[in-house]
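Report on the structure given below.
The values are calculated or read from the model by the stated rules, or taken from the named source; none is laboratory data. Computed from a prediction, not measured in an experiment: that's the story for all the values here. Note that we place each Cβ from the backbone using ideal geometry, even for glycine, and neighbour counts take in every protein chain shown. The area values use the complete protein model at the heavy-atom level, side chains included, leaving out ligands, DNA and RNA. Shrake-Rupley method; radii C 1.70, N 1.55, O 1.52, S 1.80 Å.
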Amino acid sequence: MVVAEVLTGISLVKASVDFIKSNISTCQDISQIAGQIDDLFRGEKETQQARAKKSGSGLGDQFGVDTVAKEMIDAKLAAEHLREVATMVDMRFGHGTWAGILAERAKRIHEAKEAAAKARKMERLRQQELIDNFKIGVAVFFLIAVVIGLFMFLMFSVAIATVMFDAKEITKTI
């Protein structure tokens, strides 16, 4: 249900912001609130995804004023809470800290996407290599089968020719 997804996202954002507000003045470094910042980002992402996702069971669920308004307001509240936390973190740990967090997060997300793309590419290459090896194996099998078949044909032909030659010799001597 779309509204339930939005509530999950926005409630996570609110809980994270409340924790950060109550502990920002007492924490010694950013790592003490890093988990809550992660939850804040996850909640904001869930809110944005729920807003973009229109999976209601009927048109009233998808396009109803109540649903659309709630999604829009929750998305704006999440963005507002993010700005509020950004200000608190910059005030507590120095100007540019939040920008550094965002830059590092974006870098890690980009690296994770690149690693996933590289893993998918390697898997495709491995599958293609298996297919190529299978094709080569089948070709070698058929080549060996043809060579054995020709060898058997020649042996049979030689055997028949020998029997025929022997039969002619026997008839000449009689």
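Structure summary
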{"item": "Subset of region 91-101 [over 16 Å from residue 38 (Cβ atoms) and open to solvent by less than 40 Å² (accessible area, probe 1.4 Å)]", "result": "94, 96"}
{"item": "Residue 104 being over 26 Å from the mean Cα position of the chain (by Cα), acidic (Asp, Glu), open to solvent by 40 Å² or more (accessible area, probe 1.4 Å) and closer than 26 Å to residue 14 by Cβ", "result": "no"}
{"item": "Any pair with Cβ under 9 angstrom, 6 or more apart, that starts in region 90-114 at a residue that is within 16 Å of residue 41 (Cβ to Cβ) and aromatic (Phe, Trp, Tyr) and ends at one that is at pLDDT below 95 and open to solvent by 60 Å² or more (accessible area, probe 1.4 Å)", "result": "98/87"}
{"item": "Test: residue 125 is open to solvent by 100 Å² or more (accessible area, probe 1.4 Å), among the aliphatic types (A, V, I, L, M), at pLDDT 85 or above and assigned to a helix (DSSP H, G or I)", "result": "no"}
{"item": "Only one of 86, 75, 69, 52 that is of a type outside the set (Val, Ile, Thr), modelled with pLDDT under 90 and surrounded by 13 or more Cβ atoms within 10 Å (Cβ to Cβ)", "result": "75"}
